[in-house]
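Written below as structure tokens is the structure these notes are about.
The values are calculated or read from the model by the stated rules, or taken from the named source; none is laboratory data. All values reported here derive from a predicted model rather than from experimental measurement. Neighbour counts run over all protein chains shown; Cβ positions are idealised from the backbone, glycine included. Please note that ligands, DNA and RNA were not included when accessible areas were found on the heavy atoms of the full protein model with its side chains. Shrake-Rupley method; radii C 1.70, N 1.55, O 1.52, S 1.80 Å.
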Amino acid sequence: MPKNKEESKDPKYGAEDIQVLKGLEHVRKRPAMYIGDISNRGLHHLVYEVIDNAIDEALAGYCDKITLTINKNGSVTVTDNGRGIPTEVHPTEKISALEVVMTQLNAGGKFNRDSYKVSGGLHGVGVSVVNALSEWLEVEVSREGKLFYQKYKRGEPEGKVKEIGTSKKTGTKVTFFPDSEIFKNTVFKFETLEERLRELAYLNKDLAIFVKDERGDEVKQEEFHFKGGLVDFVKYLDESEKSISGKPVFVSGERENVQVEVAFQYNESYNESIYTFVNNINTHEGGTHLEGFKAALTRTLNNYGTKNGIIKTDKLTLTGDDFREGLTCVISIKVPEPQFEGQTKTKLGNSEVKGIVQSITGEQLGNFLDENPSVSKKILEKCLRAAEAREAARKARELTRRKNALDIAGLPGKLADCSIKDPAQCELYLVEGDSAGGSAKQGRDRRFQAILPLKGKILNVEKARINKILENEEIRSIITAIGAGLGNSDEFDDTKIRYDKIILMCDADVDGSHIRTLLLTFFYRHMREIIDTQRLYIAQPPLFKIKKGKSEFYAYDDAEREEILKSLKVDKKSIVPDNGEVVEPTGETKGVVISRFKGLGEMNPEQLWTTTMNPETRTILLVTNENATAADKMFRVLMGEEVEPRRKFIEENAKYANIDV
Ligand code: 28F
């Protein structure tokens, strides 16, 4: 960091510099306050900050092409063909407006009423934060026929803004390299950036976005330009499903400065996938736009169904859930002054938006249903079947509840519960197989660790309707152990969740991976709240045990195994295959023995506790839905009906699988 201002003899520093340096200093002292965290997620947010400024220029109508390149040296370049950041000398700051935007906190995010700023809201901290957290950053602005340039080190300008040439075009180009003093990992993941840019291209149909990765031997590049906008987005999300409503329904309109766009279709699955965005920000926690859409869908479909004799109101009342079975929907609205609420500030609070979305959707959906009677009939019949299945499930639940009512806690017999009753201190292990379940019960700390052993494969919920799901014993015991009812439907009550962490513990082999995927599918489709409230984890059992003399070491992957062997100064010759172990009478083993754990059952309770369950020594991975659309597509491709997309996925990804034969 620069030397303290007061000591500097250099007259060029003025009052505004002190304010700038204080700002950048604060950013570097508390980076997580500005970008959420300094893990991989925070690292990639640096790119999103820069991208959002280019997107703002597109939203303002001046840019229709953005490129993102991960350069050979690992730095990232973003360019746009907008107007170019203003460079004239700032009236009050007496320095170039460009330097103000690049070095002053939130200088670029200024709010004017008639624009929908992505980076202006709570989500955007401005490019000056990226600058402060970068080892170096350079900006080039093409504007008024000239090319301007400035370079910074950890946010500090290296010199004044310079004119370095002429330019026939206009636009802004930012290149930066994240500061390894702040981020322990500074390697960008191409797929992560690609997913967000694909999403942005679907949300901004007139914008062409190019992504490039120049780090490998051959350049990886993609162009995203979807003139069909949200309709193309729904088709992409549903590409591994069969639509029953023909091409997606598209609704759009504007009221009181709020722009509304909705696209949706029904597929044959039983799952509901609704994605909502405000000014291109993914509102994972929903909000008033989602409420407006749901209200319009339920009311319009109900009216149409009753009017056309498909729904007999005296028989069965359909709920919102019934009208959304098999629905894939994207809602994207633009609001001048969005209010974000919720745990992760991704819930829209503006109350006026509910009525606006509801009226625009209701009107246009009503017309669609009237104009497409055959599709409407198919949709309503599917909703009816959903209601009948739900009714059957409710009756089945009634039965189980009555049955459960007989035994005291109504908890599944196999659950070895913990003694502490405060959910905030407790965790539930879902363990594959009875033998591992047994070791886990013995090895655990029974004060705060509960164990629910699962026998064999659970049902693939991706292809099952809710009543089938509730007939599955394993699923039922998970639901009752967690205690909050069935997720995703209106009856889920997160105040009743009995554990702070739910940890999936499966074998480290192919079967274990399959069971883990089935469990993840269940939680993603029917207990999304458990994921959204960051309660779902994956246990990391060790893969190898290394024995030298009396001491034992555990490695969790190949790299760690090599590291341990190196630290034990083991030469390859003295390694004994684990079936050739020679144990001296003293219990000492000759040389070094490496054994591969095939399953949890091979570990005794003490080992399982030390390596996988003791909070002091274990590693558990948090399951996040950082990119929900990608997760949704993954489950459909891997677990859904259509075989072709799955075959394609396996073909493309087989090279990454370590199939241990
Ligand atoms: C690679 C990242 O950051 N693009 C940007 C602009 C354009 C303007 C602007 C940006 C107005 C004065 C606050 C130009 N002409 N891409 C980008 N393009 N910022 S950032 O103005 C900044 C605000 O300071 C711009 C007329 N109005 C606005």
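On inspection, PHE190 passes the criterion of being in contact (Cβ under 8 Å) with a residue 60 or more places away in the chain, under 27 Å from GLY82 (Cα atoms) and not acidic (Asp, Glu).
Take the conditions in a loop (DSSP other than H, G, I, E, B) and not hydrophobic (A, V, I, L, M, F, W, C) and apply them to GLU337. Does it pass? Yes, satisfied.
A residue that is out of contact with any Cys (no Cβ under 9 Å at 6 or more places or on another chain), among the β-branched types (Val, Ile, Thr) and within 16 Å of TYR429 (Cβ to Cβ) occurs nowhere in region 538-550. For the residues LYS227, LYS189, the requirement of being touching a helix residue (DSSP H, G or I) at 6+ places or on another chain (Cβ under 8 Å), more than 16 Å from the ligand (Cβ to nearest atom) and of a type in the set (Lys, Arg) singles out LYS189. Each residue in region 260-291 was checked for being out of contact with any Gly (no Cβ under 9 Å at 6 or more places or on another chain), open to solvent by 10 Å² or more (accessible area, probe 1.4 Å) and farther than 12 Å from ILE333 by Cα, and 1 of them qualify. Checked against (1) at pLDDT below 85; (2) assigned to a helix (DSSP H, G or I), ALA424 passes all but condition (1). Residues in region 596-613 that are farther than 18 Å from LYS547 by Cβ and open to solvent by 20 Å² or more (accessible area, probe 1.4 Å): 3 in all. If only residues of region 75-97 that are hydrophobic (A, V, I, L, M, F, W, C) and modelled with pLDDT of 95 or more are counted, the one that is farthest from the ligand (Cβ to nearest atom) is VAL76.
Going by the conditions given, is GLN534 open to solvent by 30 Å² or more (accessible area, probe 1.4 Å), modelled with pLDDT of 90 or more and within 24 Å of ALA630 (Cβ to Cβ)? It is false that GLN534 is open to solvent by 30 Å² or more (accessible area, probe 1.4 Å), modelled with pLDDT of 90 or more and within 24 Å of ALA630 (Cβ to Cβ). The one condition from (1) buried (at least 19 other Cβ atoms within 10 Å of the Cβ); (2) closer than 24 Å to TRP136 by Cβ; (3) touching a strand residue (DSSP E or B) at 6+ places or on another chain (Cβ under 8 Å) that ILE182 does not meet is (3). The residues of region 156-177 that are away from the ligand (no atom under 16 Å from the Cβ) and farther than 15 Å from ALA97 by Cα, listed by number, are GLU156, GLU158, ILE164, GLY165, THR166, LYS168.
Would you check if there is a residue in region 454-467 being modelled with pLDDT of 90 or more and surrounded by 16 or more Cβ atoms within 10 Å (Cβ to Cβ)? Yes; the residues of region 454-467 include at least one that is modelled with pLDDT of 90 or more and surrounded by 16 or more Cβ atoms within 10 Å (Cβ to Cβ). Within the option set GLY171, GLY216, GLY246, being touching a residue at least 60 places away in the same chain (Cβ under 8 Å), surrounded by fewer than 21 Cβ atoms within 10 Å (Cβ to Cβ) and not basic (Lys, Arg) holds for one residue only, GLY246. Determine if region 59-74 includes at least one residue that is near the ligand (Cβ under 10 Å from one of its atoms), within 19 Å of GLU163 (Cα to Cα), at pLDDT 95 or above and touching a Gly at 6+ places or on another chain (Cβ under 7 Å). Looking through region 59-74, none of the residues is near the ligand (Cβ under 10 Å from one of its atoms), within 19 Å of GLU163 (Cα to Cα), at pLDDT 95 or above and touching a Gly at 6+ places or on another chain (Cβ under 7 Å). If only residues of region 154-168 that are open to solvent by less than 50 Å² (accessible area, probe 1.4 Å) and either hydrophobic (A, V, I, L, M, F, W, C) or part of a loop (DSSP other than H, G, I, E, B) (or both) are counted, the one that is farthest from VAL139 (Cα to Cα) is SER167.
A quick yes/no check of all residues on (1) closer than 24 Å to GLU560 by Cα; (2) part of a helix (DSSP H, G or I); (3) modelled with pLDDT of 90 or more:
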| residue | (1), (2), (3) |
| --- | --- |
| GLU606 | yes, yes, yes |
| THR611 | yes, yes, yes |
| GLU642 | no, no, no |
| ARG646 | no, yes, no |
| ASP660 | yes, no, no |
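Within region 219-243, being of a type in the set (D, E, K, R) and open to solvent by 10 Å² or more (accessible area, probe 1.4 Å) holds for LYS220, GLU222, GLU223, LYS227, ASP232, LYS235, GLU239, GLU241, LYS242.
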